[in-house]
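S.K.: Attaching a single structure in structure tokens format; questions to follow.
The values are calculated or read from the model by the stated rules, or taken from the named source; none is laboratory data. All of these numbers come straight from a predicted model, not from anything done at the bench. Here the Cβ is made from the backbone with ideal geometry for all residues, glycine too, and neighbour counts use every protein chain on show. Accessible surface is based on the protein model in full, side chains and every heavy atom, while ligands, DNA and RNA are left aside. Shrake-Rupley method; radii C 1.70, N 1.55, O 1.52, S 1.80 Å.
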Amino acid sequence: MALPRTSSSSFRPTVAVVAGGAALLAATALVNRQLARNAERANPPRGKFIDVDGVRVHYVERGSGRPLLLLHGNGTMIEDLQSSGLIDRAAERYRVIAFDRPGFGHSSRPRGGVWGPNEQADLFRKALDRLGIQRAIVLGHSWAASIAVALATRHPALVEGLVLASGYYFPTSRLDLVAPSVPAIPVLGDVISNTISPVLARLMWPTLLRKVFGPQPVPGKFAGFPVEMAVRPSQLHASAEESAMMIPMAAAVSKTYCEVTMPTVIIAGEDDRLIDVEQSARLHRMIRHSRLRRLAGAGHMIHQTETSNLMAAIDEAASISVQGARDVITASR
């Protein structure tokens, strides 16, 4: 029996829809690219650049004294640390170095490799060496706390003291990471991060701020943060990659905590809505010589809302380090 013929006209609406969708995505990608260029022109680099192993790293340097390295969390950039006032306050008595991490702010993020804590730690060690810094106090906020730990375990001679703020240290079930990780999927992720993600990011920005700052309100000083820089396709892709590796990263890095030997101050908000404060408490129990500072009523963005307390944690780590050095000298006499 002969099969019924399918009229070619029945395919025309489908083809038209597909073609229209492709055209819309292409137009959206072009608009997002132009918006990204506009954002970069409106927010030129605040500091200098250094090329390390094919990565063009943007950094700012302020003050003088003992070197202090500040590492921002996932999705942000130097402007987050700058707007908090932490850089300026720390620069009153430290030589502050703050990097835009690979893919964030004005730093590049070469494709084809993995940019986990170990890789970024190695990159920053080389960058600091190029800047003539052989020893520094290291502060890592949120995702970057794992980079700070990696610096401490892979390059212990570099790290004088550690300040770990609002970090994620142990693997847990995190369904909230599924959606943010989608743009990291090869090929499909590039399409999404160049088309849909910037639009969704702008729509979700107020909700995101309420979550990361809550239960405290968003401080007025954060108003100058360049949102359009944060929702560029390139930065959203970098952020998605870091969201995707968050759980396996914690599983890998958690095996090295017993190797941390330098003065360590762990600080976190009691009411952090992004990362349970018990993560920090558990880390404190593993690093026996560490000190834990739990901030009542504070959320995830403690550098913004609890700047004085975070500054005190930096001074505490620096003080312990100095006292430790004096004890060694005394014992050797």
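S.K.: Go ahead and set up a Gaussian network model of the chain, Cα springs under 10 Å, then flag whichever of Leu236, Leu30, Leu295 fluctuates most.
M.R.: Checking each option, the largest mean-square fluctuation is seen for Leu30.
S.K.: Another one. Would you mind telling me which residue in Asp271, Asp100, Asp176 has the biggest mean-square fluctuation in a Gaussian network model of the chain, where springs connect alpha carbons within a distance under 10 angstrom?
M.R.: Looking only at Asp271, Asp100, Asp176, the largest GNM fluctuation is found for Asp176.
S.K.: Testing the spin-label approximation: label points 7 Å from Cα along Cα→Cβ at Leu131 and Ser319. State their distance in nm.
M.R.: Those two pseudo-labels are separated by 2.6 nm.
S.K.: Once fully extended, how much extra length lies between Glu119 and Lys255, figured as 0.36 nm per residue of separation less the alpha-carbon to alpha-carbon distance?
M.R.: Residue separation times 0.36 nm, minus the Cα-Cα distance, leaves 47.3 nm.
S.K.: Multiplying the sequence separation of Ala223 and Val191 by 0.36 nm and subtracting their Cα-Cα distance, what value in nm do you get?
M.R.: The span from Ala223 to Val191 would gain 8.5 nm if fully extended.
S.K.: I've got another one for you. Rolling a 1.4 angstrom probe over the protein heavy atoms, how many square angstrom per residue are accessible across the stretch 178-295?
M.R.: 47 Å²
S.K.: So what are the three principal axis dimensions of the stretch 13-117 from its Cα atoms, in whole Å, longest to shortest?
M.R.: The Cα atoms of the stretch 13-117 stretch 69, 29, 20 Å along their principal axes.
S.K.: Kindly provide the helix-only [θ] at 222 nm of the chain, computed as the sum of -39,500 (n - 2.57) over DSSP H runs of four or more divided by all residues, to the nearest 500 deg cm²/dmol?
M.R.: Taken over the chain, the calculation gives -14500 deg cm²/dmol.
S.K.: Quantify, in whole percent, the carbon and sulfur part of the accessible surface of the stretch 266-317 (1.4 Å probe; protein heavy atoms only).
M.R.: For the stretch 266-317, the apolar C and S fraction of the accessible surface comes to 42 percent.
S.K.: Now for a separate question. Of Ala29, Ala318, Ala268, which is the most mobile in a GNM of the chain whose springs link Cα atoms less than 10 angstrom apart?
M.R.: The residue that fluctuates most here is Ala29.
S.K.: Within a Cβ distance under 9 Å of Met77, other residues only, what is the Lys/Arg minus Asp/Glu net charge?
M.R.: After counting each charged neighbour, the total is -2.
S.K.: Indicate the gyration tensor shape class of the stretch 158-220 (rounded, prolate or oblate), computed on the Cα atoms with a ≥ b ≥ c the square roots of the eigenvalues: a/c under 1.5 is rounded; otherwise a/b larger than b/c is prolate and the rest oblate.
M.R.: oblate
S.K.: Counting only other residues whose beta carbon sits under 12 Å from that of Met246, what net charge do I get with K and R as +1, D and E as -1?
M.R.: That sum, taken over residues with Cβ under 12 Å, equals -2.
S.K.: Taking N as the number of residues in the stretch 90-220, what value does Rg over Cα atoms divided by 2.2 N^0.38 Å take?
M.R.: In units of the 2.2 N^0.38 Å rule of thumb, it is 1.22.
S.K.: Quick one, what does Rg over Rh come out to for the stretch 194-310 if you take C-alpha atoms and the Kirkwood Rh?
M.R.: 1.02
S.K.: Let me ask something else. Per the 1.4 Å probe, what fraction of the accessible area of the stretch 29-75, in percent, lies on carbon and sulfur atoms?
M.R.: Carbon and sulfur atoms account for 48 percent of the accessible area of the stretch 29-75.
S.K.: Of Thr28, Phe104, Met246, which is farthest towards the positive pole of the chain's charge dipole, taken about the Cα centre with +1 and -1 on the beta-carbons of Lys, Arg and Asp, Glu respectively?
M.R.: It is Thr28, whose Cα lies furthest towards the positive end.
S.K.: What is the local net charge at Pro156, summed over the other residues whose Cβ is closer than 13 Å to its Cβ (Lys, Arg +1; Asp, Glu -1)?
M.R.: +1
S.K.: Taking only protein heavy atoms and a 1.4 Å probe, what accessible area per residue, in Å², does the stretch 17-162 have with all protein chains in place?
M.R.: Dividing the accessible area of the stretch 17-162 by its residue count gives 40 Å².
S.K.: Quick one: which residues, 5 or more positions from Glu160 or on another chain, have an amide H under 5 Å from its amide H? H modelled 1.01 Å from N in the peptide plane, none for Pro or chain starts.
M.R.: Ala136, Ile137, Val138
S.K.: Run the quick spin-label model on Phe49 and Arg282: label points 7 Å from Cα toward the beta carbon, then report their separation in nm to one decimal.
M.R.: 4.1 nm
S.K.: Specify the inter-centroid distance of the stretch 186-235 and the stretch 145-168, based on alpha-carbon positions, in whole Å.
M.R.: Using only Cα atoms, the two centres lie 27 Å from each other.
S.K.: Follow-up question, since we're still on this one. Between Leu175 and Leu30, what is the spin-label point distance in nm, taking each point 7 Å from the Cα along the Cα→C-beta axis?
M.R.: 4.1 nm
S.K.: Hey, another quick one. With only Lys, Arg, Asp and Glu charged, each at its Cβ (+1 for the first two, -1 for the last two), find how big the charge dipole of the stretch 19-115 is about the Cα centre; round to the nearest 20 debye.
M.R.: Dipole size: approximately 100 debye.
S.K.: Also, I was wondering about something else. Would you calculate the convex hull of the Cα atoms in the stretch 184-257 and tell me its volume per residue in Å³?
M.R.: Output value, Cα hull per residue: 124 Å³.
S.K.: Out of (i) 62, 39, 35; (ii) 60, 46, 39; (iii) 102, 43, 40, which label holds the value of Cα extents along the principal axes in Å that was computed here?
M.R.: (iii)
S.K.: If you fit an axis through the alpha-carbon atoms of helix 12-42 and take the longest principal axis of the Cα set of the chain, what angle between them do you get, 0 to 90°, nearest 10?
M.R.: Computed tilt is about 30 degrees.
S.K.: Same structure, new question: Check each of the trypsin sites (Lys or Arg not before Pro) in the stretch 261-296 and keep only those in coil by DSSP with at most 12 other C-beta atoms within 10 angstrom; list them in order.
M.R.: Counting only loop positions with at most 12 other Cβ atoms within 10 Å, the trypsin sites (Lys or Arg not before Pro) in the stretch 261-296 are Arg288.
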